[in-house]
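> Sharing a structure here in structure tokens format.
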Amino acid sequence: MTRIAVFRSLAVAVGAVSMLAACGGGNNNTSENLASDQTLSFPMVDDVGNLDPGTMSAAVDIDIFRNTYSGLYKFDDQLNEVPDIATGAPQISTDGLTYTFKMKNNVKFSNGDPVKADDFLFSWNRAAAIQGDYASVFQPVAGYDAVANGKATEMTGLKKIDDYSFSATLSAPAAYWFTEVALWTAWVVDKKVVLAAGKATESNWASDPATAIGTGSFKMTARTPKQSIDFAPVSNWWGGSTGAITKVHIEIIADQKSSLTKYESGNFTLIGFANQSLDPDDVVRYNSDPQLKKQLQLLPSARTTWIGFNFCEGAGKPSKNCTKGNPFAGDAGKLGREAFSLAVDRDQLVDIACSKGTACFKATGGVITKGLKGYLGDNTDPWAVFDKAKAQSLFKQWDPDGSKTKNLVYTYNTSGFNKAVCDNLASQWQANLGVKMQCTAQDRASFFNARTKCSYPIFRHSWGADYDHPQDWFDFLFVTDAGSGGACYSNSQLDQMAKDANAKPLSQSLDTYKAMNKILVDNTVTGNLVYGIQQYVSPAYVKGVGGNALYDNYWTDVKILQH
Amino acid sequence: MAQAAPVIQPDLELSYEMPEQVTLLSDAWRRLKRNRLALVGAVIIGLLFVTALISIVWTPYPTWLQAVGPTYQPPSAAHPLGLDQAGRDILSRIMGGALITVQVGVGSAIIVSLIGIPLGLLAGFYRGKVDTVISFFINIWYGIPDLLVALILVFVLSDALHLIPRGVLVIVIAFSLTRWMDVARLVRGQALALREREFVEAARMSGARDFALLARHILPNALGPIIVQATFAIPAAVLFEAFLSFLGLGLPSPTPSWGAMAADGYHGMDFAPHIVLAPTIALSLTLMAFNWVGDGLRDAFDPRMRR
Amino acid sequence: MRGTLLYIGQRLVLIAVTTVLVSSIVFLLLHQIPGNAFLNETRQTPQALAAELHRYGLDLPLQNQYVNWVQGVLHGNLGESLVNRQVKITPLLVRETSVSATVGFFALLVTVGLGLILGVLAALRQNTWVDYLASSTAVVGYSIPSFVIAIFGLLVFGHYLYLWTQGTFYYVPGWGKLEQIPVPALALGLPYASYVARLTRASMLETIRTDYVRTAWAKGLKARVVVVRHALRNALIPVVTILGPLITGIITGSVVIENIFGIPGLGKEFVTSILARDYNIVIGVFTFYAALVGLANLTVDVIYPILDPRIRY
């Protein structure tokens, strides 16, 4: 839209509040006057997927429901783990196996039910039994396997001590487990309500506003599937003030352009909450207009995207998933991996595929995203630079007759961003290396299905951190037979280092993790491309929206000033 | 989306008073030449084919090459149609798209005819059970949104069963599998009418086999309407491809499909309308040209339609 | 009358059979696809995946899944979404059908209304500028795909005329306001309207030349009455015969139009679900489409004899 009229009215608005920081975020000035309507409204392209903490796994769902549920611990704005329902850090036995949790005794569900140790034991056992994507949070707890297999309903490691304290015993030391307890799978649900609605493992209660009961500051008040969801603050919330917002209204609008039009006509308070992105062309428009740019907030998000190389050298080698050899595998493929990584001008990639750098930025410090623990530092990855001459000479050595890259297909899961990245990579590789590569889009399901079996020689890979702990990257991506690896990478040295590091507290293991990250870089295991950016668009009078690398701000932080 | 192939042409099923082929074709040609709209269409189609042929050997820039200049650059002397959101030369991509369009259109017309003609001949010539079965299929297919079935077919054939890689071929096949009925129905009607005619009867008396009857007497006399029907299959197929690619379910990126280019461009049309205008205009002109020529051919072959 | 009812009854049974048949084909085709909607790029373990499949009965052999599905369909239950948990498909699609039907109805109005007006005008003023204008509009219109018309509509109303319209026709917050309907309905209906115009013009010309119209004319009735009573009625017949295919075309067209305008209808759902691999919804949408097309054709066939008394069942 050439929204001249909008520009003009915004120019007035922006002029009036130009002294305020454009990116909102937290500078709470008590003298500001609040608007009479404190409705936070924003769009989402698709409805929430999972409403039950036991099965939740998508960032969209978690960003929303962390306002309605809570657990013993949570991550603060700096991603530090802090007590929520717990009174403090757990007591950990000297052998590192038993954790004793003490709970606040004033905690209530939104329906008034008090939260007791029983509810936690019920919630955790239930989550292990349901086997949602993140049930493995409880894997270290003794008795998990029996519950996961359906042979038991309660993990033997969980013990109630009294109404407000309980203990968890692990089957082996796992220093990172304390971090995992702050994840959504460990949120508490109301035993009474869940059992009244059906079996413990059923989820129907969670999608009905009447029974979706949690301990968060907000509660769901209405929901029309694939159309809208509404929330309201919990009155007399146990945690104290629920902030200024009196209503949250989410609308499902699949078309990003329609959403933005609606925002521009003043019907949304913001776009970007719940992991939503803007239409690439619109971001470019906002970013290139000095007035509109003031409404745009670009915050780093904990996601890295890289070129995945297949490390299979033959059937069953080096991983049991391997079926055949691949040109990029092992030491023989190292030159090829280096050439392909060096042949990418990441500035051009960011300009074109990341909407002039508004959707992501160059990855120059290893696979762990900048801002997270384990990041190697800017410009530490020697293969993440553009060097056409070197790339060409390496390529010549590796594939002199072009046979290794004949009919090369790069596969990605369907998305606008992945398509843009692949098109640009194909263009650059053909221009810089003379390799004709085809981009193939697969729907998400087929893609992950085939990638898990290491079927693609070269493919899109990406990982969004679950929490700020390097273990999250190695255990699921790079140790031998890692579930989400897709590359069948195997390195016994790395496996051993991961095992050692995982057993120690992060303060003692961070250097090991960094050394592991360095090993990945040195071997060009991943062709690191870009780190993510979360975009938010909101008028200057909406304060406190935004987030950190992993989560949006809580709705309690948001307020709408007079405008 | 199916509108480009006129859904029903009741007039086509009537018999034609043209026993001799030479007269039929020359007469038709004479009449076609007088139809100005059809001539304009023919010129546009000629341009399309020439562009498609040139694009095989030469385009100003490679169709896949990004960042040949600033992204979203409006038309300039160096890039007459401007650059798209990835900095690709739009003129080159329009040229490449012409080739895709020709492949999809002509390919579909051929395959639709290859499926439809034998089935229609069988049903019309032998009647009885064969006809019942084929006609039943035709009627069932008319009752469903065929393009959506074709869409699912593309998905299943290429992504699920990996029978045919995603490309022009799978689109042509999916389209033909769901759209052969128009031709089959038409040929059936022609065969039904022609088999009773004197010259067919005479040939049968003189001992001609069924195959010879079909190939030498019935098919040639039904040729006119078949050509018309096949011509109308071209814009329908082109539209189907554009429709799929516009929804992001069609040809793989960065194939310069006009539908995909329109989809790429329409989000940015607030500040760079040239990206969406070029492919949509090219597509509309092409469809129009084929429809005009199709109309012209129909009028030429069927004098009754001239008014 | 009884004959008509019997005919309608038979057709309804046939529609039900066709619907189940068509959606069965889609069901079987989609179940050939490897992978499923549950796979994702998180720390999903094989056990977790198996548990999800089990929850939706997707770990059963195909024939059992099929039997379960057919039983569900016969009870009007199309199952649950695989992507948005606990979302029942039948009520969802019923709601979306009403949205699509609203747009579709107005599109049909554009098609038939505009088509008839253009066609009649062109025929009555044959070989005048009215005829040339109407005919050339039609000749251009029926070749432009609806999504191109939609894009131009957006460009004009949302871009060039934005100051004047303030986005009124382009997007009004919340679906269901009347102002939102014209542009998508026009985009959807215009190509077919051109087709109807051509058809109407041809049959009008034919009718006007027949003896009985000439007689009526000679009797001195006002020209308008002649047109309405005799010619228009006859001209409507070919239009009615193509209504069935027209409706199929509008349904197909709505798939892309709803995506462009962000209309929360069946077409939008269809594409979203295909991309998200939500088979259950894709099959459900097809079931609805097959039934809709069948019912539309039946309606046409019932209206037909009213217009053309020569036809009897």
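> Which whole-number percent is the relative contact order of chain B (Cα, under 8 Å, 6+ apart)? Don't skip to the answer; put the middle values down first.
Values: 459 pairs, mean separation 87.6, N = 307.
With pairs under 8 Å counted, the relative contact order is 29 percent.
> Further question: Kirkwood Rh, the stretch C:7-163, all Cα pairs: how many Å?
On the way: mean 1/r = 0.0476 Å⁻¹.
For the stretch C:7-163, the Kirkwood estimate is 21.0 Å.
> Continuing with this model, one more query. Note the angle between two axes, namely the Cα long axis of helix B:36-57 and the longest principal axis of the Cα atoms of chain B, as a number of degrees from 0 to 90, rounded to the nearest 10.
60
> Same structure, new question: Percent of accessible area on chain C owned by carbon and sulfur, 1.4 Å probe? It would help to have the intermediate numbers written out before the result.
Values: 9180 of 13300 Å².
Looking at chain C in its full context, I get 69 percent from C and S.
> Here is a follow-up. Roughly how many Å² is the accessible area per residue of chain A, as a whole number, for a 1.4 Å probe? If you can, show how the numbers build up before the last one.
Details: 20160 Å² over 563 residues.
About 36 Å² of surface per residue is accessible.
> So if I take the centroid of the Cα atoms in the stretch B:49-78 and the same for the stretch A:218-250, what is the distance between those two points in Å?
With the stretch B:49-78 and the stretch A:218-250 each reduced to a Cα centre, they are spaced 52 Å.
> Let me ask you something else. Could you pull out which residues in the stretch B:134-149 have an amide N less than 12 Å from a spot 7 Å beyond the Cα of residue C:13, following the Cα-Cβ vector?
none
> What whole-number value in cubic angstrom gives the convex hull volume per residue for the C-alpha atoms of the protein assembly as shown? Each step should come with its number before you reach the end.
On the way: hull volume 238.5 nm³, N = 1183.
It is 202 Å³ per residue.
> Which percent, nearest 5, of DSSP beta bridges in the stretch A:300-533 are antiparallel? Provide the component values of the computation, followed by the final result.
Values: 18 of 26 bridges.
Taking every DSSP beta bridge with both residues in the stretch A:300-533, the antiparallel ones total about 70 percent.
> I'm a student and want to see the number: the projected area of the Cα convex hull of the stretch B:153-307, averaged over all directions, in nm². List each step's numbers first, then the result.
Values: hull surface 50.5 nm².
Its average projected convex-hull area is 12.6 nm².
> Helix C:243-261 versus the longest principal axis of chain C: what is the Cα-based angle in degrees, 0 to 90, to the nearest 10?
On a 0 to 90 degree scale, this one is about 60.
> Right, another one. Excluding residue A:516 itself, calculate the net charge of residues whose Cβ lies under 15 Å from the Cβ of residue A:516, where each Lys or Arg counts +1 and each Asp or Glu counts -1.
Working: positive: A:373, A:499, A:504, A:514, A:518; negative: A:381, A:472, A:475, A:495, A:500, A:511, A:522.
With Lys, Arg at +1 and Asp, Glu at -1, the neighbours total -2.
> For the stretch A:107-183, run through the trypsin sites (Lys or Arg not before Pro) and keep only the ones in DSSP coil with at most 12 other Cβ atoms within 10 Å of their Cβ. Walk me through the intermediate numbers first.
Values: sites: A:108, A:116, A:126, A:151, A:159, A:160; in loops: A:116, A:151.
Of the trypsin sites (Lys or Arg not before Pro), the ones in loops of the stretch A:107-183 whose Cβ has at most 12 other Cβ atoms within 10 Å are A:151.
> Per residue of A:350-361, what is the mean number of Cβ atoms on other protein chains within 10 angstrom of that residue's Cβ?
Details: counts 0, 6, 8, 3, 0, 2, 2, 0, 0, 0, 0, 0.
Neighbouring Cβ atoms belonging to other protein chains average 2 per residue here.
> Hey, can you grab everything whose amide H is under 5 Å from the amide H of residue A:463? Only 5+ residues off in sequence or another chain; H modelled, so Pro and N-termini drop out.
Those qualifying (amide H under 5 Å, at least 5 residues apart or on another chain) are A:304.
> Still on this model: May I ask for the accessible area buried between chains A and C, both sides summed, probe 1.4 Å, to the nearest 100 Å²? Write down the numbers at each step before the final one.
Numbers: alone 22990 and 17590 Å², together 36520 Å².
The buried area between A and C, both sides summed, comes to about 4100 Å².
> Additional query: In nm, give the distance between the simple-model label positions of residue A:511 and residue C:109, each being 7 Å from the Cα along the Cα-to-Cβ direction.
The two pseudo-label positions are separated by 7.7 nm.
> Calculate how many DSSP beta bridges within the protein assembly as shown are antiparallel, expressed in % of all such bridges and rounded to the nearest 5.
Of the beta bridges lying entirely in the protein assembly as shown, close to 80 percent run antiparallel.
> Once the piece of chain linking residue A:146 and residue A:108 is laid out straight, how much longer is it, given 0.36 nm per residue of separation minus the C-alpha distance between them?
Working: separation 38, 0.36 × 38 = 13.68 nm, distance 3.11 nm.
Contour length minus the Cα-Cα distance gives 10.6 nm.
> Keeping every protein chain present and rolling a 1.4 Å probe, give me the accessible area per residue for chain C in Å². Spell out each step's value before the answer.
Details: 13300 Å² over 313 residues.
With the other protein chains kept in place, chain C gives 43 Å² per residue.
> Something else: Chains A and B: buried accessible surface, both sides, probe 1.4 Å, rounded to 100 Å²?
When A and B are taken together, about 1900 Å² of accessible area is lost.
> Out of the total accessible area of the stretch A:300-533 (probe 1.4 Å, heavy atoms of protein only), what percent is carbon and sulfur? Don't jump to the answer; show the numbers that get you there.
On the way: 4210 of 8180 Å².
Ligands and nucleic acids excluded, carbon and sulfur give 51 percent.
> Return the single residue from B:77, B:38, B:212 with maximal mean-square fluctuation; model: Gaussian network over chain B, springs between Cα atoms under 10 Å.
B:77
> Only loop residues by DSSP count here, and only those with at most 13 other Cβ atoms within 10 Å; note down the trypsin sites (Lys or Arg not before Pro) in the stretch B:184-290 that meet that.
Values: sites: B:185, B:188, B:195, B:197, B:204, B:209, B:216; in loops: B:195, B:197, B:209.
When the trypsin sites (Lys or Arg not before Pro) of the stretch B:184-290 are filtered for loop state and at most 13 Cβ neighbours within 10 Å, B:209 remain.
> Given the rule -39500 (n - 2.57) for each run of at least 4 DSSP H residues, summed and divided by the residues of chain A, what is its mean residue ellipticity at 222 nm, to the nearest 500 deg cm²/dmol?
Values: 17 runs with 160 residues, N = 563.
So the helix-based figure for chain A works out to -8000 deg cm²/dmol.
> Cα centroids of the stretch A:407-450 and the stretch A:499-537: how far apart, whole angstrom?
25
> Still on this structure, I have one more. Can you tell me how the stretch A:441-538 classifies by the Cα gyration tensor, rounded, prolate or oblate, using a/c under 1.5 as the rounded cut? Intermediate values should be presented prior to the final figure.
Numbers: a/c = 1.95, a/b = 1.25, b/c = 1.57.
Note, shape of the stretch A:441-538 comes out oblate.
> Can you give me the Rg/Rh ratio for chain B, using Cα atoms for both radii and the Kirkwood formula for Rh? Spell out each step's value before the answer.
Values: Rg = 21.7 Å, Rh = 20.9 Å.
So for chain B, dividing Rg by the Kirkwood Rh gives 1.04.
> Probe radius 1.4 Å, ligands and nucleic acids left out: can you give me the accessible area buried at the C-B interface, summed over both chains, in Å² to the nearest hundred? Mind dumping the intermediate values first?
On the way: alone 17590 and 14930 Å², together 28060 Å².
Approximately 4500 Å², summed over both chains.
> Counting only DSSP beta bridges with both residues in chain A, tell me the antiparallel percent, nearest 5.
Antiparallel: roughly 80 percent of the beta bridges in chain A.
> Can you return the lysines within cross-link range of residue A:406? Criterion is Cα-Cα under 18 Å, with same-chain partners fewer than 8 residues away left out.
Reachable lysines: A:324, A:334, A:396, A:436.
> Which angle from 0 to 90°, rounded to the nearest 10, does the C-alpha axis of helix C:2-30 make with the longest principal axis of chain C?
The two axes meet at around 40 degrees.
> Also: Distance between Cα centroids, the stretch A:350-402 to the stretch A:262-333: provide it in whole Å.
Between the Cα centre of the stretch A:350-402 and that of the stretch A:262-333, the gap is 14 Å.
> So what's the back-of-envelope 222 nm ellipticity for chain B, counting only DSSP H runs of four-plus at -39500 (n - 2.57) apiece and dividing by all residues, rounded to 500?
Numbers: 11 runs with 196 residues, N = 307.
Calculated from helices alone, the mean residue ellipticity at 222 nm is -21500 deg cm²/dmol.
> Would you mind giving the average projected area, over all directions, of the Cα convex hull of the stretch A:300-533 in nm² with one decimal? Could the numbers behind the result be given before it?
Details: hull surface 45.3 nm².
Answer in nm², one decimal: 11.3.
> About its Cα centre, how strong a charge dipole does the protein assembly as shown have in debye, to the nearest 20, once Lys and Arg get +1 and Asp and Glu get -1 at the Cβ?
Details: 96 positive and 91 negative charges, 685 e Å.
It works out to roughly 3300 debye.
> Just read off the accessible area of residue A:155 with the full protein assembly in place, 1.4 Å probe, to the nearest 10 Å².
Ignoring ligands and nucleic acids, residue A:155 comes out at about 10 Å².
> When you look at the Cβ of every residue in C:280-292, what mean number of other chain Cβ atoms sits within 10 Å? Could the numbers behind the result be given before it?
Numbers: counts 0, 1, 3, 1, 0, 1, 5, 0, 0, 4, 5, 0, 1.
Mean partner shielding for this stretch: 2.
> Helix-derived [θ] at 222 nm for chain C: sum -39500 (n - 2.57) over DSSP H runs of at least 4, divide by residue count, nearest 500? Write out the running numbers ahead of the final one.
Numbers: 15 runs with 217 residues, N = 313.
About -22500 deg cm²/dmol.
> Something else: Over chain B, what percent of the accessible surface lies on carbon and sulfur atoms, probe 1.4 Å? Each step should come with its number before you reach the end.
Values: 8000 of 11730 Å².
Here it works out to 68 percent.
> Which whole-number percent is the relative contact order of chain A (Cα, under 8 Å, 6+ apart)? Intermediate values should be presented prior to the final figure.
On the way: 1186 pairs, mean separation 112.1, N = 563.
With pairs under 8 Å counted, the relative contact order is 20 percent.
> Still on this structure, I have one more. Using +1 at the Cβ of each Lys and Arg and -1 at the Cβ of each Asp and Glu in the stretch B:126-283, identify which of B:205, B:217, B:238 lies farthest towards the dipole's positive end.
B:205
> Just to be sure I understand the curve: with the Debye formula and one point per C-alpha of chain A, what is log10 I(q)/I(0) at q = 0.12 Å⁻¹?
Debye intensities relative to I(0), on a log10 scale: -1.25.
> Can I ask one more? According to the Kirkwood expression over distinct Cα-Cα pairs, how big is the hydrodynamic radius of the stretch A:359-404, in Å? Write out the running numbers ahead of the final one.
Details: mean 1/r = 0.0793 Å⁻¹.
Roughly 12.6 Å, rounded to one decimal.
> Answer rounded, prolate or oblate for chain C, using the Cα gyration tensor with square roots of eigenvalues a ≥ b ≥ c: rounded when a/c is under 1.5, else prolate when a/b is larger than b/c, else oblate.
In terms of gyration-tensor shape, oblate.
> Right, next: How high is the relative contact order of chain C, given as a whole-number percent (alpha carbon pairs under 8 Å, six or more residues apart)? Please list the in-between numbers first.
Numbers: 359 pairs, mean separation 82.6, N = 313.
Relative CO of chain C lands at 26 percent.
> Can you pull the mean other chain C-beta count within 10 Å for peptide C:244-252? Can you show the working numbers first?
Details: counts 4, 7, 4, 1, 9, 8, 4, 6, 11.
That works out to 6 on average.
The values are calculated or read from the model by the stated rules, or taken from the named source; none is laboratory data. Keep in mind the model is a prediction, meaning the values are calculated, not measured. Neighbour counts are summed over all protein chains in view; Cβ atoms, including those assigned to glycine, are modelled from backbone coordinates with ideal geometry. Side chains included, ligands, DNA and RNA excluded: accessible areas come from the protein's heavy atoms. Shrake-Rupley method; radii C 1.70, N 1.55, O 1.52, S 1.80 Å.
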